[in-house]
Amino acid sequence: MNLRILFIGGNGTISGASSELAVQRGYDLTLLNRGRSSRRAPIAGTRHLTGDAEDAASIAAAIGDETFDVVANFRSFSSEQVERDIALFEGRTRQYVYISSASAYQKPIGHLPITESTPLRNPFWQYSRDKIAGEELLVAAYRERGFPMTIVRPSHTYDRERVPLLGGWTAVDRMRRGKPVVVHGDGTSLWTVTHTRDFAVAFVGLLGNDRAVGEVFQITSDEVLTWNQIAETIATAAGAEFRPAHIASDAIARELPDLGPGLLGDKAHSVIFDNSKVKSLVPEFRPAIPYWRGAREMIAWHDADPSRRVVDTALDADFDRLVERYA
């Protein structure tokens, strides 16, 4: 089946591997974005349109009167964007895929494992509340008019460029300098990180699948780690000693308000996901990249080019202050 697909976005952490896999499977893939991404080179085999995901007129002008079998928006962060997409693509696609977030699930978590039927409520993070609002609009459009939506909820997907620690590469640099690394809580809460290539297998497998229309799917790894294990695995890959500075999540959020919502509204809570629903439609989805291998890939990519090893000096100083005050 030669699907005609439009990805709004397509070059990011989550979407890049999905774009590459869609091309490998022979799909006719168009990427619509601003054309300013410095994260990766243009993906061979794709067509590119220039437009701004936050500007409905820009998207409409870019696609003209074209129709697609599938439209997937990786750059939708507000209910207003969802409303505009429904108006723009209704009658012009057989499947519209909305990238929501597993952070939308209730916080604190009521029970584990998390399934697609776990309630949605996040009083800590506006990002998550906006995703919930977008989902509600799509569900209403499907129920009332049959708008062919599919909702996907990823959770902390990473690639070789994105280090899944507080501070990103700055944390790795601290490890290599023998400094303590800030880990929220006591480091024993459970978490799941998913390699983007594993995510892509499930995501691309849902595209063009009529059974996915009207449904919600979470896509995560099956590997469950503590935050201490996540950080120590990176330290090992980087050839450094893991020296954790365990600091209460509330204290980190209070001292570093930019990190607070994502910490209190997501990472501070233990999560275990049940992926049986997506596996029932995409049986080839069997997460195959263990985190230890992904960590080595991250370190090797950063070490290959000094320009990639960017340290946030202000955040590094903030971490020093946190360690001095609380650890």
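The values are calculated or read from the model by the stated rules, or taken from the named source; none is laboratory data. Only a predicted model underlies this, so the values are computations on that prediction, with no experimental measurement involved. Note that each Cβ is placed from the backbone with ideal geometry, even for glycine, and that neighbours are counted across all protein chains shown.
Taken over the range 187-218, residues that are under 18 Å from the mean Cα position of the chain (by Cα) and within 15 Å of residue 154 (Cα to Cα) amount to 19. Residue under question is residue 326, and the condition is that it be of a type in the set (Ser, Thr, Tyr) and more than 22 Å from the chain's Cα centre (by Cα); does it hold? In short, yes. Among residues of the range 46-67 being small (Gly, Ala, Ser) and part of a loop (DSSP other than H, G, I, E, B), the one that is surrounded by the fewest Cβ atoms within 10 Å (Cβ to Cβ) is 64.
Across the range 83-115, the qualifying residues are those that are of a type in the set (S, T, N, Q) and outside any loop (DSSP other than H, G, I, E, B), and the one among them that is farthest from residue 270 (Cα to Cα) is 93.
Taken as a whole, the range 150-173 holds at least one residue that is of a type in the set (A, V, I, L, M), in contact with a Lys or Arg (Cβ under 9 Å, 6 or more places away or on another chain) and assigned to a loop (DSSP other than H, G, I, E, B). Of all the residues in the range 15-30, those that are over 18 Å from the mean Cα position of the chain (by Cα) and under 14 Å from residue 73 (Cα atoms) number 2. Among the residues of the range 188-234, just one is touching an Asp or Glu at 6+ places or on another chain (Cβ under 9 Å) and on the phi > 0 side of the Ramachandran plot, namely 208.
Under the condition of being under 14 Å from residue 15 (Cβ atoms) and assigned to a helix (DSSP H, G or I), the residues counted in the range 207-227 number 0.
Just so you know, in the range 219-250 the residues that are surrounded by fewer than 17 Cβ atoms within 10 Å (Cβ to Cβ) and more than 28 Å from residue 303 (Cα to Cα) include one that is nearest to the chain's Cα centre (by Cα), and it is 222. In the range 251-288, of all residues being among the β-branched types (Val, Ile, Thr) and closer than 27 Å to residue 222 by Cβ, the one that is surrounded by the fewest Cβ atoms within 10 Å (Cβ to Cβ) corresponds to 272. Can we say residue 10 is buried (at least 22 other Cβ atoms within 10 Å of the Cβ), at pLDDT below 95 and part of a loop (DSSP other than H, G, I, E, B)? So residue 10 fits the description; yes.
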